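The values are calculated or read from the model by the stated rules, or taken from the named source; none is laboratory data. Just so you know, these numbers come straight off a predicted model, no measurement behind them. In this analysis, Cβ positions are derived from the backbone assuming ideal geometry, glycine residues included, and neighbour counts consider all displayed protein chains.
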Amino acid sequence: MRRAIVGRLGLAVGLAAAWMSVTLAGCGSPAQQPTAPAGLPASARAVVSAPVRIAHTRLGAVGYREVGTGPPLILITGYTATMDDWDPRFVGALAEHYRVVIFDNAGVGRTQALPEPLTIDAMANQTSALIDALGLGSANVLGWSMGGTIAQALAVLHPAQVRRLVLCATFPGTGRITPPSQAAVQALTSGSQQEVMADLFPANQSAA
């Protein structure tokens with residue numbers, strides 16, 4: 001697994017444990033407000049209870065939630081995930097120091113789909129349009145998994161909008177994947193735990 005370059009925000013947080021754990025330009029309309037489950041700290045309950053709003057951007061509608069005050073921090077989620085997949089305790093802890101914006105990527109929830117073929121660059125441009133619509137200016141940006149590739153593209157295509165960049169459990173590139181070798185495919189589908197582990201974690205570090 002490739003290591004991603006990890007930036008730092010002023011608040012030290014355990015990002016590895018946080019897998020699942022803004023003025024609106026145009027008009028915004030809240031969705032039905034969810035109910036926070038009992039037992040969550042107040043900061044996490046505020047995240048769950050925050051209404052979903054719609055930002056009308058130059059690239060269509062984007063559904064988002066906003067919590068906290070302070071410097072803007074936008075969280076970009078991963079493949080197939082929604083804004084609700086962020087652990088509310090994690091987001092709540094960040095919201096004690098930042099104006100946190102979480103949103104759904106293209107074609108998810110109340111965010112408008114983008115023209116086919118969908119690309120990382122296109123999703124980065126949609127994120128840029130959200131930053132503009134919410135008047136965030138130069139924001140701290142945290143991307144997880146595929147969201148990390150979107151965050152990197154955002155930093156390359158729209159550098160003035162990225163103040164600091166935090167990349168979590170992600171990889172470089174535009175989303176194009178080099179197919180694995182036939183030997184790797186056979187090992188991973190062999191049903192043998194020994195073969196699978198040997199392929200995923202080869203003893204030869206250069207092969208890794």
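How about region 42-151: which helices (runs of 4 or more DSSP H) wholly inside it have at least 3 residues that are more than 24 Å from T170 (Cα to Cα)? In region 42-151, the matching helices (runs of 4 or more DSSP H) lie at 42-49. Of the candidates T127, T119, T170, T111, the single residue that is touching a Leu at 6+ places or on another chain (Cβ under 8 Å) and not charged (D, E, K, R) is T127. Only residues in region 145-157 that are assigned by TED's automatic domain parsing to the domain that holds A129 and within 15 Å of D85 (Cα to Cα) count as the first member; pair them with residues that are part of a helix (DSSP H, G or I) and not aliphatic (A, V, I, L, M), Cβ under 6 angstrom, at least 6 apart or cross-chain, and list the lot. Partner pairs satisfying both residue conditions: none exist.
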